[in-house]
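Trainee: Below: one structure in structure tokens.
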Amino acid sequence: MATVKYLLQSKSENAPIYLRLSVNRDLVIKRKTGLYINPENWSNDKSLPKQTYADPKNITSDLRKLKGYILDEVNESNSNGIEITGDWLQSKIDLHFNKHEVVELDYLTEYGEYFINNLKYKVNAKSKGVGVSNSTQKKYRTIVNKLIDFDKKQGKRTKLTDVNLSFRSDLIDYFNKVDKLSDNTIGRYLKFVKSICLDAKKNGFRVSTQLNDFLGFTVKAPKIILTPKELEILKNKEFSNNNHNIARDWLIIGCYTGQRVSDLLRMEKSFIQHIQDHDFIVLEQIKTKKTVQIPIHYEVRGILNKRNGEFPPTFANNMDSCKAMFNRYLKELCKLAEIDTIVNGNKFDEKKKRYINGNYPKHELVSSHICRRSFASNFYASELYPTPILMNITAHSTEKMFLEYIGKKPIDYSLQLAEIWQKEGLKQKRLKEQASTLELIKDASNQN
């Protein structure tokens with residue numbers, strides 16, 4: 001176990017105080033703390049200033065805080081495999097007393113740029129692959145740009161050490177009042193800021209002692225789905241606008257394949273594979289990099305058949321434009337189909353430029369993500385579709401994630417089992433009643 005001890009090596013009236021760090025038997029390092037004291041006021045037994053010393057500069061307090069800081073840094077460096085040397089110790093002492101030279105990467109936005117540039121070397125903890133998706137890079141690019149704008153608004157550059165709870169409050173107010181972001185977006189951006197700072201800490205930069213408490217958050221949003229009955233209405237509705245017919249077909253495919261819109265709208269005939277007498281849509285998800293094999297539902301087969309085996313055309317060559325047009329047409333065709341049940345949800349307010357929670361006709365809340373959520377929700381809790389089978393299609397990693405996604409709780413499993421047992425009980429009751437009836441008939445026959 002590492003230990004810290006202070007000592008003097010000079011008898012001059014202004015003797016420097018040394019810190020001796022014993023990491024183990026073979027590694028003992030000694031460096032100046034930058035603090036000085038008259039040896040007459042020093043206790044060799046306690047390795048601290050004498051208790052009778054007035055200590056006008058709070059040397060005792062500074063040394064105790066430094067000791068705690070150094071021991072914490074030793075533990076963290078050991079955990080991360082960082083070599084502890086004399087230079088390491090001197091840098092930690094300087095960091096503790098703010099004696100290090102401020103460099104560009106000590107500023108949040110500058111380190112953010114460095115962080116983005118090195119995302120291509122980041123190793124995914126799960127897949128072990130190198131690099132991140134374009135969408136992840138865009139997310140961090142967006143947050144760094146917003147931090148640059150925040151600094152301009154504040155009139156100063158934010159250091160990594162400034163990312164504390166006070167900064168968190170200021171940032172939330174800025175995102176809320178200036179950028180008019182939704183609560184969930186604000187909570188997600190806070191997580192990104194913390195990730196950047198944690199990376200800086202890992203690379204030896206000094207960060208706020210409050211960073212661990214710098215938390216993001218998630219506000220549960222209403223889950224909007226299309227019910228099987230509503231899907232049936234849409235399926236049978238005649239639309240004069242061909243774009244509405246195309247959007248409706250993509251919607252039906254999405255509700256029976258459970259994929260994100262970025263995977264849904266790139267499906268094509270070449271994705272279909274014939275495996276052991278069954279046809280599957282096989283694709284590697286853009287976000288998760290997981291390969292999924294989706295059996296072709298008869299509703300999807302019907303759409304492919306009417307289009308000569310082809311998937312519907314897309315609305316644009318650019319995926320972002322295609323998504324935007326798909327979202328617009330979905331709202332329009334659902335309105336034409338009178339999908340207007342009043343439900344609670346978050347709707348974008350063009351004047352306020354933010355999402356506002358309220359009760360709206362469902363067609364106003366429909367977006368492309370309703371496909372994936374409807375698939376998961378409509379097939380969940382059916383004894384015909386066990387949750388692991390559904391998770392294999394949606395590619396959720398855990399049941400907890402899947403249940404949170406569709407807004408269900410583990411208690412729903414108990415309800416599902418209760419319903420199955422209720423059906424089984426009724427079945428057994430009918431069998432017993434039939435057996436009793438047959439027995440009575442048999443007895444009556446014997447008596448005759």
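Trainee: Would you be able to say whether some residue in the range 358-365 is among the hydrophobic types (A, V, I, L, M, F, W, C) and farther than 14 Å from ARG260 by Cα? Working first, answer last.
Mentor: First, the residues of the range 358-365 that are among the hydrophobic types (A, V, I, L, M, F, W, C): 365.
This time we only want the ones that are farther than 14 Å from ARG260 by Cα, so: 365.
Checking the range 358-365: at least one residue is among the hydrophobic types (A, V, I, L, M, F, W, C) and farther than 14 Å from ARG260 by Cα.
Trainee: In the range 356-381, what count of residues is obtained for those that are among the small types (Gly, Ala, Ser) and assigned to a helix (DSSP H, G or I)?
Mentor: 3
Trainee: Next up: Which residue is nearest to the chain's Cα centre (by Cα), if the candidates are limited to the range 245-272 and must be surrounded by fewer than 20 Cβ atoms within 10 Å (Cβ to Cβ) and not hydroxyl-bearing (Ser, Thr, Tyr)?
Mentor: So the residue we want is ARG260.
Trainee: Continuing with this model, one more query. Among the listed residues TYR53, TYR69, TYR36, identify the single one that is crowded, with 16+ Cβ neighbours inside 10 Å and under 16 Å from LYS92 (Cβ atoms).
Mentor: TYR69
Trainee: Looking at LYS30, LYS65, LYS46 in this structure, which one is part of a strand (DSSP E or B) and either in contact with a strand residue (DSSP E or B) (Cβ under 6 Å, 6 or more places away or on another chain) or of a type in the set (Lys, Arg) (or both)?
Mentor: Details: LYS65 fails: part of a strand (DSSP E or B); LYS46 fails: part of a strand (DSSP E or B).
Unique residue meeting the criteria: LYS30.
Trainee: Which one of these is in a loop (DSSP other than H, G, I, E, B) and either of a type in the set (Asp, Glu) or closer than 30 Å to LEU19 by Cα (or both): ILE93, ILE70, ILE84?
Mentor: Within the list ILE93, ILE70, ILE84, the selection yields ILE84.
Trainee: For a quick check of your reading of the model, give me the residue pairs whose first member lies in the range 138-150 and is farther than 12 Å from LEU181 by Cβ and in the same structural domain as ARG168 (by TED's automatic domain parsing), whose second is of a type in the set (D, E, K, R) and part of a helix (DSSP H, G or I), with beta-carbon atoms closer than 8 Å and at least 6 apart or on different chains.
Mentor: Once the first residue is farther than 12 Å from LEU181 by Cβ and in the same structural domain as ARG168 (by TED's automatic domain parsing) and sits in the range 138-150, its partners that are of a type in the set (D, E, K, R) and part of a helix (DSSP H, G or I) give VAL144/GLU113.
Trainee: Cβ contacts < 9 Å: first residue touching a residue at least 40 places away in the same chain (Cβ under 8 Å) and over 28 Å from ILE233 (Cα atoms), restricted to the range 340-352; second residue part of a loop (DSSP other than H, G, I, E, B) and of a type in the set (Lys, Arg), any location; separation 6+ or different chain. Result?
Mentor: Filtered contacts from the range 340-352: LYS352/LYS180.
Trainee: Here's a follow-up. Among the residues of the range 166-191, which ones are surrounded by 18 or more Cβ atoms within 10 Å (Cβ to Cβ) and polar (S, T, N, Q)? Full working, then the answer.
Mentor: At the first step, the residues of the range 166-191 found to be surrounded by 18 or more Cβ atoms within 10 Å (Cβ to Cβ) are 167-168, 171, 174-175, 181-183, 186, 189-190.
Of everything in the range 166-191, just one residue is surrounded by 18 or more Cβ atoms within 10 Å (Cβ to Cβ) and polar (S, T, N, Q), namely SER182.
Trainee: Pull up the range 124-183, narrow it to residues that are outside any helix (DSSP H, G or I) and closer than 21 Å to LEU105 by Cβ, then point me to the one that is modelled with the lowest pLDDT.
Mentor: At the first step, the residues of the range 124-183 found to be outside any helix (DSSP H, G or I) are 124-133, 155-159, 163-164, 178-182.
Checking which are closer than 21 Å to LEU105 by Cβ leaves us with 132, 156-159, 163-164.
Working: VAL132: 82, LYS156: 89, ARG157: 90, THR158: 94, LYS159: 93, VAL163: 96, ASN164: 94.
My answer is VAL132.
This table checks each residue for (1) under 29 Å from ILE252 (Cβ atoms); (2) of a type in the set (Asp, Glu); (3) modelled with pLDDT under 75.
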| position | (1), (2), (3) |
| --- | --- |
| SER374 | yes, no, no |
| ASN378 | yes, no, no |
| ILE406 | yes, no, no |
| LYS432 | no, no, no |
| ILE441 | no, no, yes |
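Trainee: Let me ask something else. Return the total of residues in the range 25-54 being farther than 14 Å from GLY86 by Cα and free of Cβ contacts under 8 Å to residues at least 12 places away in the same chain.
Mentor: Adding up the residues that qualify gives 9.
Trainee: Same structure, new question: Between VAL163, VAL123, which is buried (at least 18 other Cβ atoms within 10 Å of the Cβ) and aliphatic (A, V, I, L, M)?
Mentor: Working: VAL123 fails: buried (at least 18 other Cβ atoms within 10 Å of the Cβ).
Going through VAL163, VAL123 in turn, just one is buried (at least 18 other Cβ atoms within 10 Å of the Cβ) and aliphatic (A, V, I, L, M): VAL163.
Trainee: Can you tell which of LEU330, LEU365, LEU265 is in contact with a Phe, Trp or Tyr (Cβ under 8 Å, 6 or more places away or on another chain) and either aromatic (Phe, Trp, Tyr) or not assigned by TED's automatic domain parsing to the domain that holds THR185 (or both)?
Mentor: Exactly one residue qualifies, and that residue is LEU265.
Trainee: In this structure, is ALA316 under 14 Å from ASN243 (Cβ atoms), under 27 Å from the mean Cα position of the chain (by Cα) and surrounded by fewer than 17 Cβ atoms within 10 Å (Cβ to Cβ)?
Mentor: So ALA316 fails the test.
Trainee: Now a separate question. Considering (1) under 30 Å from GLY131 (Cα atoms); (2) surrounded by 11 or more Cβ atoms within 10 Å (Cβ to Cβ); (3) free of Cβ contacts under 8 Å to residues at least 60 places away in the same chain; (4) not assigned by TED's automatic domain parsing to the domain that holds VAL132, say which one GLU83 fails and leave the rest.
Mentor: Looking at each condition in turn, GLU83 falls short on (2).
Trainee: Within the range 108-120, can you find the residues that are surrounded by 14 or more Cβ atoms within 10 Å (Cβ to Cβ) and outside any helix (DSSP H, G or I)? Walk me through how you get there before you give the answer.
Mentor: Within the range 108-120, the first condition is being surrounded by 14 or more Cβ atoms within 10 Å (Cβ to Cβ), and the residues that meet it are 108-116, 119.
Answer for the range 108-120, where residues must be surrounded by 14 or more Cβ atoms within 10 Å (Cβ to Cβ) and outside any helix (DSSP H, G or I): there is none.
Trainee: Considering the range 221-250 alone, what residues qualify as being under 15 Å from SER377 (Cβ atoms) and of a type outside the set (S, T, N, Q)? Before the answer, list the steps.
Mentor: Restricting attention to the range 221-250, the residues satisfying the condition of being under 15 Å from SER377 (Cβ atoms) are 221-231.
Listed by number, the residues that qualify are ALA221, PRO222, LYS223, ILE224, ILE225, LEU226, PRO228, LYS229, GLU230, LEU231.
Trainee: Given the criteria closer than 20 Å to HIS96 by Cβ, at pLDDT 95 or above and assigned to a strand (DSSP E or B), does LEU35 qualify?
Mentor: Against the criterion (closer than 20 Å to HIS96 by Cβ, at pLDDT 95 or above and assigned to a strand (DSSP E or B)), LEU35 does not qualify.
Trainee: Within the range 19-29, count every residue that is among the charged types (D, E, K, R) and at pLDDT below 95.
Mentor: 2
Trainee: Now for a different question. Assess whether TYR107 counts as being more than 29 Å from LYS30 (Cβ to Cβ) and either among the acidic types (Asp, Glu) or modelled with pLDDT under 90 (or both).
Mentor: So TYR107 does not fit the description; no.
The values are calculated or read from the model by the stated rules, or taken from the named source; none is laboratory data. This one's a predicted model, so the numbers in the text were calculated from it and none came from an experiment. With ideal geometry, Cβ positions are generated from the backbone for all residues, glycine too; neighbour counts draw on all protein chains shown.
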